[in-house]
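Before any comments, here is the structure.
What follows is calculated from the coordinates using simple rules that are stated; it is not laboratory data. Just so you know, these numbers come straight off a predicted model, no measurement behind them. Glycine gets a Cβ as well: all are built from the backbone with ideal geometry, and neighbour counts include every protein chain shown.
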Amino acid sequence: MGTGSRDLAARVHIVEAIVRALDEPHLVLEMLLAAEDVDAACDAIETRFGFDRAQALAILDTQQRSLTTAERSRIRTHLDELRSFERAARDE
C-alpha cells in the first residue's frame, strides 16, 4: 500500500468516527461535560464508541458548527467521496 493510500485510509478512519459521533451529539456533549479533562473525555469516547485515540481526539477537535444539519450532510458527503477514492486506489 502506497503512502497516498495509507493517508487516504487514515483520513477515512477519522472521518468515519466524526460522522458516527455526530449521529449522537447529545451523548458526546454529555461525555465532554462530565469529563474532568481531555484525557478523561478521550477515554470516555473511546470506551463508548470503540474508537482509538486518534479518532477520539478528532472528535474533540471538531467544531460545534459541525452539529448543524448542513455541516453534518457535508461531512457525510466528504466521507462518501473519500471512500470512493479509497476504492479507486485499491482497484489500481
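The figures follow:
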| quantity | calculated |
| --- | --- |
| Inverse of mean 1/r across different Cα pairs in the chain, Kirkwood, Å | 13.9 |
| Estimated FRET transfer efficiency when R0 is 30 angstrom, pair Asp7-Gln64 (beta carbons, to 0.05) | 0.65 |
| Chain lengthening between Arg87 and Val38 when straightened (0.36 nm per residue, less Cα-Cα) | 14.2 nm |
| Dipole of the stretch 3-91, positive end: most advanced residue of Thr62, Val15, Ala41 [Cβ charges, Cα centre] | Val15 |
| Estimated [θ] at 222 nm from DSSP helical runs (n ≥ 4, -39500 (n - 2.57)) normalised by residues in the chain, nearest 500 | -26500 deg cm²/dmol |
| Dipole magnitude (debye, nearest 20) for the chain, charges at Cβ of Lys, Arg, Asp, Glu | 380 |
